[in-house]
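The structure appears below as structure tokens.
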Amino acid sequence: MDASALAIRRVAIDTWRENVAYLRRDCPVVRAAGFQALAKVQVGANGRTIAAVLNVVDDERLLGPCELGLSEDAFERLGVPEGHVATVAQAEPPPSIGALHRKLAGERLGRDEWLALVRDVAAARYSKIELAAFVVATHQYELDREEVRHLTEAMIAVGRRIDWRAEVGGGPVVDKHCIGGIPGNRTSMIVVPIVTAHGMLCPKTSSRAITSPAGTADTMAVLAEVELPLARLQQIVRATRGCLAWGGTADLSPADDILISVERPLALDSAGQMVASILSKKIAAGSTHLVLDIPVGPTAKVRSLPDAQRLKRLFEYVAARLGLALDAVITDGTQPVGRGIGPVLEARDVMQVLAGDPAAPQDLRQKALRLAGRVIEFDPDVRGGDGYRIARDILDSGRARAQMEALIDAQGRRREPVRPGALVHDVAAATDGIVAAIDNLRLARIARLSGAPQVPGAGVDLLRKVGEPVRAGEPLYRLHAAYAADLDFARRFVAQGDGYTLAPAPSAAVGTAA
């Protein structure tokens, strides 16, 4: 028997989109090959091979000396049962390693190099360490617009692509997306029911949150299943004209999903990566028309109007060359949208808007209507300028709410409602005043420290918005957490700064605070 042949053992460790192999330090293969921890190895079984990062184990209870442990990602990717014999060898460098080194040095890559690089990323031939270096390099050395185009094309080519032409008969397949960075900005969950109630096809796929306390997929997951296999997603869209799903299970841009898993802990979201990520997934999902929300504000991702206009032009350039009709809208990003920050609290705001609840946040309603109107104007039968009125009528009539309920049922309604975290703490104003500014980044960080989005009920509930008066001792916002440690982390961070700026106000104005 080959000395490098070992019995596979499923170690059941989630390494989040990285293949990891485990060997005992006293394993004959480790001694013979001189393997060290974090070495890259090639694992082969039943005609299939995967690249993996090696972890060396000293605990005899975890593995036998002739066993090969595989993480959940590696086990699933190799696709053979436990006990099956596998071989382990030194891994060959990925074919695109030269292109990776060139990019780390700040050099420009061509179309073929980007395609090779993205293929190797999607095939998990790079470790998280190598990918982190790549992500930092693309952030430090800004990609030019042709590189962004080539990266986007490569991401599309490597994943699946859905074709809805039979469903729309030449009509538009629409979508709406926000570049992110504004807490509570859950307009997509209102736009999709409105535009699908209008009769348009809107297969909305979203990523999980990267640096925010919740993404659209995280928030929709509070209400319904979002991890839908491609065949199921297509079935839902054909039945309801839309969906609100996570794009990862549909395998639409697998390289992007892997890169996002590295960007998240680094809290990086460079312009080139952002454009390629968003447009590749929209085109792969079959969209032909996209409304893009670019919020601008001092604590948003985009801090100034000139920066927003540059980003808009980059999106428009790449979209035009890939055949995607794009309407980029620059919006107000000076404060959070709605009241809730965190999946459950944001889902509450969305459902209040759809239900026409008097307590619904009006800024979320108005922004969603504005964006829905722009999407509806992609309909060739709608005159320019009529979209907002049509969207408002659909929302006010209850049709959008009924459509949302149909989407929830089609995707799989959650049997038990998820509640806001039971542990609460009110953050009070130190002085009387008028709210002059709210720091998006700080509020997002506070919500994440409270547990969001991993704990759906965690987050921040805003009780005062910009322009509203408050008295000393009255609450600015309420923290929700499910675990005492999370609440303590958030409270300690709040003690360093609550994220609110108050301006002096006449006593009469302050006295009107609710």
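A few points about this structure:
- Exceeding the 32 Å Cα-Cα cut-off - candidates 128/301; 40/312; 40/281; 281/465; 128/367: 40/312; 281/465; 128/367
- Mean separation of Cα contacts under 8 Å, 6 or more apart, over the residue count of the range 420-514: relative contact order %: 43 percent
- Qualifying aspartates and glutamates (Cα of each under 13 Å from Cα of residue 103; at least 8 residues distant if same chain): 113, 130, 142, 144, 147
- Across the chain, Cα pairs under 8 Å and at least six residues apart give a relative contact order of 14 percent.
- Cut-off under 5 Å, modelled amide H: who pairs with residue 291 long-range: 175, 176, 177, 327
- The longest part of the chain holding none of the exposed loop trypsin sites (Lys or Arg not before Pro), meaning those outside H, G, I, E and B in DSSP with at most 11 other Cβ atoms within 10 Å, is 62-382.
- Derived scalar couplings between HN and Hα for the range 424-437 equal 10, 8, 8, 9, 9, 6, 7, 9, 5, x, 10, 5, 9, 7 Hz in order, rounded to whole Hz, by the Karplus curve 6.51 cos²θ - 1.76 cosθ + 1.60 (θ = phi - 60°), x for Gly and Pro.
- Couplings for the range 346-360, taken from phi via the Karplus curve 6.51 cos²θ - 1.76 cosθ + 1.60 with θ = phi - 60°, read 6, 4, 4, 4, 4, 5, 5, 5, 5, 7, x, 5, x, 7, 5 Hz in order; Gly and Pro are left as x.
- Calculated [θ] (222 nm, deg cm²/dmol) that DSSP helices of n ≥ 4 give over the chain, each run adding -39,500 (n - 2.57): -12000 deg cm²/dmol
- Long-range amide H partners of residue 428 with built H, under 5 Å: 476
- Here's the list of aspartates and glutamates a cross-link from residue 176 could span, going by alpha-carbon distance under 16 Å and ignoring same-chain residues fewer than 8 apart: 293, 316, 327, 377, 379.
- Karplus-derived HN-Hα couplings along the range 75-90 (A = 6.51, B = -1.76, C = 1.60, θ = phi - 60°), whole Hz, x at Gly and Pro: 4, 5, 5, 6, x, 10, x, 4, x, 5, 7, 10, 10, 10, 9, 4
- Residues with amide H under 5 Å from that of residue 201, placed H, sequence gap 5 or more: 174
Readers should treat all values here as calculations from the given coordinates under stated rules, not as data from a laboratory. Predicted, not measured: the structure shown is a model, and the values here were computed from it. Cβ sites come from the backbone with ideal geometry, for glycine too, and all protein chains shown count toward neighbours.
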